[in-house]
Amino acid sequence: MARVAVVQIPGVNCEYETARALEVVGLTARIVRWNEPASVWSEFDAYVIPGGFAFQDRIRAGAVAAKLPAVDRIAAEAERGKPVLGICNGAQVLVEAGLVPGLHPGRVEMALAPNRAPRREGYLCRWSWLGVTPGPGSSWYARNVRPGQVIPMPIAHGEGRFLTADPEVQERIEIENLVLYRFVAPSGGRAVRYPFDPNGATLQAAGITNRAGNILAFMPHPERATWLRQVPLELKNAWGESRRAAVGNWEALEGPGPGRILFQSLASNLLSPSAEGARPGREARS
Amino acid sequence: MSAVLLVGLKITDLSAWTALETGRRLLEPGHTLSRIAREQLLLFEPEPGGKAETFERTLGEAVRQSNFFVNPNKERYRFLTSSERGESWSPPDSAWGILSRVREDTRDDGLKARLLREHPMPGLGAIRRAKVWWLWSRGPDGTPAAPYFRETLGELRDQRHGLLVNPHAETAMLLHGATPWSRVDRFLIQPAPALRAAA
């Protein structure tokens, strides 16, 4: 049984649906408050920092939460190879804490800046299209994604633009394929303009990993696309067709949505027999 | 010369309060931080070759008599025309400041378009935005120890160093003592320096 901590920082608001999304793929999720004792954190096999507005986005989204002792402890567990997923505000926390891209561990090498697409700024809540570029994070977070697969997923952020002012970091992110998930056009081609490129992020990044691939800062909300019933009827692709075909069919509506693939990937790793035996921190619970 | 509007909260500024609480946890023993305050700065530039006097009167009325820039129930402001602002900008008593701006163009064209729609004023070229954090600090020697506090609370470097400015999205300058407005103007108007050259 793999246990995942869903970190409840004051101001996050997606912890319950994130926990449900983890449970549906066979993981055991527990919502863990940010101020739990130090000893609690090592008990888990993985960590998810969910979306929301930690500390009301005061100073900057993620800035205050990144300084929490809990984030230090999660970083230490990540050092041991445990996976850490930051969703939306959670991604902002990971970037502000210097865990992503983590080229020089601990150093802050990026920002999640306010959205900036031509003639469109500010908060944006809509469905977007994602493609995967294989990289060190593929095994943890995109294991079940087929080559060329386009995954629709909702975004909801005002500060989702991955940005670095360091050309060396930019180059390394590109060379080392740390942009695991990118915003793409519905066809799978490059997102060259709004709305397919919704926020102007560098390299159209929607999700960036660290070099080891076990930490992912992911701006879209997979927990809002984990069940078919969450897919909008008007979505123009196979997922939309499935959703329209499922109207009135409760069983079908409770089937998987496109975002579940990310949680399934995490679960495939955590629940594999080899992971069960070799998981770091296992001894701490026994 | 440009006109300047500084807007801050007169109710409790929870962002500044959180910055104070978070910042204190980053300090080494012997360093104290007694207060942080925050203001938004808007710089009103004349059109190229023009003078700020051509629009300042209308702009001043818009600031004072409409609620376009300021919600008087919660905010206070200082509006300084190009002649009123003088040669230099001095921090509040005993304070020093960190002025930050986005790395990209600081002009807010959307704000300008809305302003001109509601308050037509020929001669206004651009509105530029920045943010200032005022800090009241003391080092072990009793001085404000601005270099130490800037290092610890200014540009973010890692989990222990930096808080108020993420240098990948923003750039900052120190406001210690009287700072010539011409320097502030240049800081807002010129392209941001490269990350490693920022000072």
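The values are calculated or read from the model by the stated rules, or taken from the named source; none is laboratory data. Every value quoted in this text rests on a predicted model; they were computed, and no experiment measured them. Heads up, the Cβs are rebuilt from the backbone with ideal geometry, glycines too, and the neighbour counts pull from every protein chain shown.
Scanning the range B:155-177 for residues that are under 21 Å from residue A:102 (Cα atoms) and assigned to a loop (DSSP other than H, G, I, E, B) returns B:156, B:157, B:159, B:160, B:161, B:162, B:163, B:164, B:166, B:167, B:168, B:169.
Scanning the range A:170-185 for residues that are farther than 20 Å from residue A:147 by Cβ, surrounded by fewer than 23 Cβ atoms within 10 Å (Cβ to Cβ) and touching a helix residue (DSSP H, G or I) at 6+ places or on another chain (Cβ under 9 Å) turns up just one, A:170. Looking at the range B:86-107, is at least one residue in contact with a Leu (Cβ under 9 Å, 6 or more places away or on another chain), among the acidic types (Asp, Glu) and over 23 Å from residue B:170 (Cα atoms)? Looking for residues that are in contact with a Leu (Cβ under 9 Å, 6 or more places away or on another chain), among the acidic types (Asp, Glu) and over 23 Å from residue B:170 (Cα atoms), one finds none in the range B:86-107, hence no. Contact annotation: residue pairs with Cβ atoms under 9 Å, 6 or more positions apart or on different chains, pairing a residue in the range A:203-220 that is assigned by TED's automatic domain parsing to the domain that holds residue A:82 and farther than 20 Å from residue A:259 by Cβ with a partner that is part of a strand (DSSP E or B) and charged (D, E, K, R), are A:203/A:182.
Scanning the range A:66-81 for residues that are away from chain B (no Cβ under 14 Å) and buried (at least 22 other Cβ atoms within 10 Å of the Cβ) turns up just one, A:77.
Listed by position, the strands (runs of 3 or more DSSP E) inside the range A:144-243 whose residues that are closer than 30 Å to residue A:79 by Cβ and of a type in the set (Val, Ile, Thr) number at least 2 are A:151-157, A:205-209.
The condition of being surrounded by 15 or more Cβ atoms within 10 Å (Cβ to Cβ), within 14 Å of chain A (Cβ to nearest Cβ) and not basic (Lys, Arg) holds for only one of B:23, B:97, that being B:23. What pairs can you find where one residue is in the range B:161-185 and at the interface with chain A (Cβ under 9 Å from one of its Cβ atoms) and crowded, with 23+ Cβ neighbours inside 10 Å, the other is part of a strand (DSSP E or B) and of a type in the set (Phe, Trp, Tyr), and their Cβ atoms are less than 8 Å apart, with a gap of 6+ or different chains? Sorted first by the residue in the range B:161-185, then by its partner, the pairs are B:164/B:133.
Within the range A:12-20, does at least one residue satisfy the condition of being of a type outside the set (Ser, Thr, Tyr), touching a helix residue (DSSP H, G or I) at 6+ places or on another chain (Cβ under 8 Å), within 14 Å of another protein chain (Cβ to nearest Cβ) and under 27 Å from residue B:37 (Cα atoms)? Within the range A:12-20, not a single residue is of a type outside the set (Ser, Thr, Tyr), touching a helix residue (DSSP H, G or I) at 6+ places or on another chain (Cβ under 8 Å), within 14 Å of another protein chain (Cβ to nearest Cβ) and under 27 Å from residue B:37 (Cα atoms). Under the condition of being more than 18 Å from the chain's Cα centre (by Cα) and hydrophobic (A, V, I, L, M, F, W, C), the residues counted in the range B:40-93 number 5.
Answer yes or no as to whether residue A:63 is surrounded by 23 or more Cβ atoms within 10 Å (Cβ to Cβ) and either aliphatic (A, V, I, L, M) or more than 30 Å from residue A:115 (Cβ to Cβ) (or both). For residue A:63, the condition - surrounded by 23 or more Cβ atoms within 10 Å (Cβ to Cβ) and either aliphatic (A, V, I, L, M) or more than 30 Å from residue A:115 (Cβ to Cβ) (or both) - is met.
The condition (being part of a strand (DSSP E or B) and out of contact with any Pro (no Cβ under 8 Å at 6 or more places or on another chain)) is satisfied by just one residue among B:25, B:114, B:76: B:76. Surrounded by fewer than 18 Cβ atoms within 10 Å (Cβ to Cβ) and under 16 Å from residue B:181 (Cβ atoms): does that describe residue B:10? So residue B:10 fails the test. Of everything in the range A:45-65 that is among the aliphatic types (A, V, I, L, M) and more than 9 Å from chain B (Cβ to nearest Cβ), the residue that is farthest from residue B:167 (Cα to Cα) is A:46.
Annotation: of all residues in the range B:126-154 being in contact with a Pro (Cβ under 9 Å, 6 or more places away or on another chain), assigned to a strand (DSSP E or B) and not aliphatic (A, V, I, L, M), the one that is farthest from the other protein chains (Cβ to nearest Cβ) is B:138. Applying the selection to the range A:15-56, what residues are farther than 30 Å from residue B:155 by Cβ and in a helix (DSSP H, G or I)? Selection gives A:15, A:16, A:17, A:18, A:19, A:20, A:21, A:22, A:23, A:24, A:39, A:40.
Among the candidates A:74, A:59, the residue that is more than 24 Å from residue A:213 (Cα to Cα) and either of a type outside the set (Ser, Thr, Tyr) or not in a helix (DSSP H, G or I) (or both) is uniquely A:59. Count of the range A:240-278 residues, restricted to those that are free of Cβ contacts under 8 Å to residues at least 40 places away in the same chain, surrounded by 17 or more Cβ atoms within 10 Å (Cβ to Cβ) and among the aliphatic types (A, V, I, L, M), is 2.
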